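Asks: Let me begin by handing over the structure; questions about it come next.
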Amino acid sequence: MMQKKFVKNLALILFLNLLVKPIWIFGIDLKVQNVVGPEEYGFYTAIFSFSYLFYILLDLGITNFNNRNIAQNAQLLRKHLAGIGTLKVLLGVFYAVIIILFGYLWGYRGRELYILMWVGFNQFLLSFILYLRSNISGLLLFKTDSFLSVLDRVLMIFIVGVLVWTTILGIRFSIEWFVYSQTLAYIITIAIAITAVLRKSGRLKFHWNPAFFIVIIRRSLPFALLALLMSFYNRIDPVLIKKLIPGDLGDYQAGVYAQAFRLLDAGQNFALLFSVLLLPIFSKMIKDGKSINNIVRLSSSILITGSLIIAITSSFFASDIMNLMYHPFENETATQFSMRIQQSSIILSILMFSFVAISSNYIFGTLLTANKSMKSLNLIALMSLILNVVVNLLLIPSFMAVGSAWASLIAQSSSAIIQLWVVLKIFRMKADYLLVFKFLTLILLLAGLGYGIKNYFDLYWLSSMIMMLGAGLIISFGIRLFDIRGLISILKSDEM
């Protein structure tokens, strides 16, 4: 039973990521920003986001295509692994040329180009890791994939942790060391991932086969266009902030945006785990002609409920969260620090509601991908990109990083609504008005509770936030958004 496989492996991958990712986000990545400062971290964020805009050139949609293809045709693993592995290396060379060329044309010079080259190399390594994992998850080996999903972060926690939390190596930490550490962690992860894949495929050699490359690229292009459009409207915000706001202020505003975006990125990483599990499962169920209604409802109730609880709670305690995470930098006055925290708090409140829309996109967008409804997805992504850029151009000059946060929310929400409508139409599914009513009930009750806690209870903010998160879970169980009996019955099922 696919629902049982989904629930069991979702529990494993969530456990591992909840164990590792918070340490990385709050113990390492946050420490890095606090050590190097908002301008320096904003400089890195803008360049990283620029490199990500061209990430699709490393992949051309091959990873998603391969995941779906191996899930439906496992016997092709050995043949495709050798050919696609060679193709990935060639794409890496092409990507390197493009990002340096466009980086130069965009105005990057000196240190900017140097960091761009290293970050680009890391993007290539990450792309190769994700491709190797697509073979493993395509074979429905979710346990192995779950461990690989956190391995690079575990290694980075150790390497960067030694650099920022100790003086063993006697170096002054900088963004360059942060980038080098990622490189080493990715290389080790690739070595282990290749070993895991070869255990299933057997020994193979990279080989030059232009005809095979052309076939794979043609079959992957619809996935490639989607990934290109999504990477632009998901990652273009810091790039536009740096470009539209002149001088050091642009780096500073990108850094303020990054302060809040860090938590959205953490949420996105967990939502992505659903997509990783759902794509091969949806693909196989569609091929076998099985109904996907139950698993769509199950995944939606879990992920969207969780994102709503986090978004509403974050909006009430955004300022407290930012004050906890960040501290004044050298030569920063109390007034400047207060203004920085206030701005990043507003951005956090806006971005965490984007997280709700992103969660929806990871479910319904994945379903459309599994169904090969690429034309619809690409049109939606193009519309979202245009909307995001236009709103950014209108709002950044006046509202700076806060305007960019609004652009993200508008684009992501529009995409989520249209994707849902397309899914209902293609799969001839009836709108679940009861589920919508339950979501609205959760929103109203939790928002009312948050208002009451903030205005009528004299509690320490962290205690209040934990109380609100707990209340959100209790409400969800009470109105059966989280159906315990349903989950238990799925886990007890002997069907696979």
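Asks: Check off (1) at pLDDT below 90; (2) surrounded by 11 or more Cβ atoms within 10 Å (Cβ to Cβ); (3) among the β-branched types (V, I, T) for V423 and give me the number that stays unchecked.
Replies: Result: V423 passes all but (1).
Asks: Within segment 148-164, how many residues turn out to be open to solvent by 30 Å² or more (accessible area, probe 1.4 Å) and farther than 21 Å from E40 by Cα? Lay out the reasoning, then the answer.
Replies: Step one: of segment 148-164, the residues open to solvent by 30 Å² or more (accessible area, probe 1.4 Å) are 151, 153-155, 157-159, 162.
Now drop any that are not farther than 21 Å from E40 by Cα, which leaves 151, 153-155, 158.
Number satisfying all stated conditions: 5.
Asks: Looking at V154, V150, V89, can you tell me which residue is at pLDDT 90 or above and under 27 Å from I194 (Cα atoms)?
Replies: Numbers: V150 fails: at pLDDT 90 or above; V89 fails: at pLDDT 90 or above.
When all the criteria are applied, what remains is V154.
A quick yes/no check of all residues on (1) at pLDDT 90 or above; (2) β-branched (V, I, T); (3) under 20 Å from I443 (Cβ atoms); (4) open to solvent by 10 Å² or more (accessible area, probe 1.4 Å):
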| site | (1), (2), (3), (4) |
| --- | --- |
| N294 | no, no, no, yes |
| A311 | yes, no, yes, no |
| E332 | no, no, no, yes |
| S338 | yes, no, no, yes |
| L348 | yes, no, yes, no |
| V390 | yes, yes, no, yes |
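Asks: Now for a separate question. List the pairs whose first member sits in segment 265-281 and is within 19 Å of P238 (Cβ to Cβ), whose second member is of a type in the set (G, A, S), and whose Cβ atoms are under 8 Å apart, counting only residues at least 6 apart or on separate chains?
Replies: Sorted first by the residue in segment 265-281, then by its partner, the pairs are G267/S307; G267/S359.
Asks: Given the conditions (1) part of a loop (DSSP other than H, G, I, E, B); (2) open to solvent by less than 40 Å² (accessible area, probe 1.4 Å), which single one is not true for T167?
Replies: For T167, the exception is condition (2).
Asks: So for segment 268-291 (the condition being touching an Asp or Glu at 6+ places or on another chain (Cβ under 8 Å) and among the charged types (D, E, K, R)), does at least one residue qualify? Can you show your working first?
Replies: Within segment 268-291, the subset touching an Asp or Glu at 6+ places or on another chain (Cβ under 8 Å) is 276.
Now narrow it down to the ones that are among the charged types (D, E, K, R): none.
Within segment 268-291, not a single residue is touching an Asp or Glu at 6+ places or on another chain (Cβ under 8 Å) and among the charged types (D, E, K, R).
Asks: Could you look through segment 399-409, keep only residues that are of a type in the set (A, V, I, L, M) and within 18 Å of the chain's Cα centre (by Cα), and pick out the one that is most open to solvent (accessible area, probe 1.4 Å)? Walk me through it before giving the result.
Replies: Of all residues in segment 399-409, those of a type in the set (A, V, I, L, M) come to 400-402, 405, 407, 409.
Still in the running and within 18 Å of the chain's Cα centre (by Cα): 405, 407, 409.
Numbers: A405: 0, A407: 0, L409: 31 Å².
So, considering only residues that are of a type in the set (A, V, I, L, M) and within 18 Å of the chain's Cα centre (by Cα), the one most open to solvent (accessible area, probe 1.4 Å) is L409.
Asks: Among residues belonging to segment 232-281 that are open to solvent by less than 40 Å² (accessible area, probe 1.4 Å) and hydroxyl-bearing (S, T, Y), point out the one that is farthest from Q33 (Cα to Cα).
Replies: Across segment 232-281, the extreme among qualifying residues is S275.
Asks: For segment 313-328, which positions are open to solvent by less than 10 Å² (accessible area, probe 1.4 Å) and outside any helix (DSSP H, G or I)?
Replies: Here is the first cut: in segment 313-328, the ones open to solvent by less than 10 Å² (accessible area, probe 1.4 Å) are 313, 317-318, 322, 326.
Result: Y326, single match.
For (1) within 20 Å of the chain's Cα centre (by Cα); (2) modelled with pLDDT of 85 or more; (3) over 30 Å from S373 (Cβ atoms); (4) not in a helix (DSSP H, G or I), each residue gets a yes or a no:
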| position | (1), (2), (3), (4) |
| --- | --- |
| R203 | no, no, yes, yes |
| S220 | no, no, no, no |
| Y252 | no, yes, yes, no |
| A260 | yes, yes, yes, no |
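Table: residues versus (1) open to solvent by 10 Å² or more (accessible area, probe 1.4 Å); (2) modelled with pLDDT of 90 or more; (3) within 30 Å of L240 (Cα to Cα).
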site	(1), (2), (3)
I98	yes, yes, yes
G103	no, yes, yes
S134	no, no, no
K143	yes, no, no
W177	yes, yes, yes
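Asks: Now a separate question. Being open to solvent by 60 Å² or more (accessible area, probe 1.4 Å), under 20 Å from S134 (Cβ atoms) and not β-branched (V, I, T) is the filter here; which residues of segment 179-202 pass it?
Replies: Correct list: L198, R199, K200.
Asks: Going by the structure shown, is I386 free of Cβ contacts under 8 Å to residues at least 12 places away in the same chain and either open to solvent by 10 Å² or more (accessible area, probe 1.4 Å) or not small (G, A, S) (or both)? Let's see the steps before the verdict.
Replies: Working: free of Cβ contacts under 8 Å to residues at least 12 places away in the same chain: yes; either open to solvent by 10 Å² or more (accessible area, probe 1.4 Å) or not small (G, A, S) (or both): yes.
In short, yes.
The values are calculated or read from the model by the stated rules, or taken from the named source; none is laboratory data. Being a predicted model, the structure only gives us computed values, none of them experimental. A quick note on method: Cβ atoms are made from the backbone with ideal geometry, for glycine too, and the neighbour counts reach across all protein chains shown. Protein only, heavy atoms only, side chains kept; ligands, DNA and RNA dropped before computing areas. Shrake-Rupley method; radii C 1.70, N 1.55, O 1.52, S 1.80 Å.
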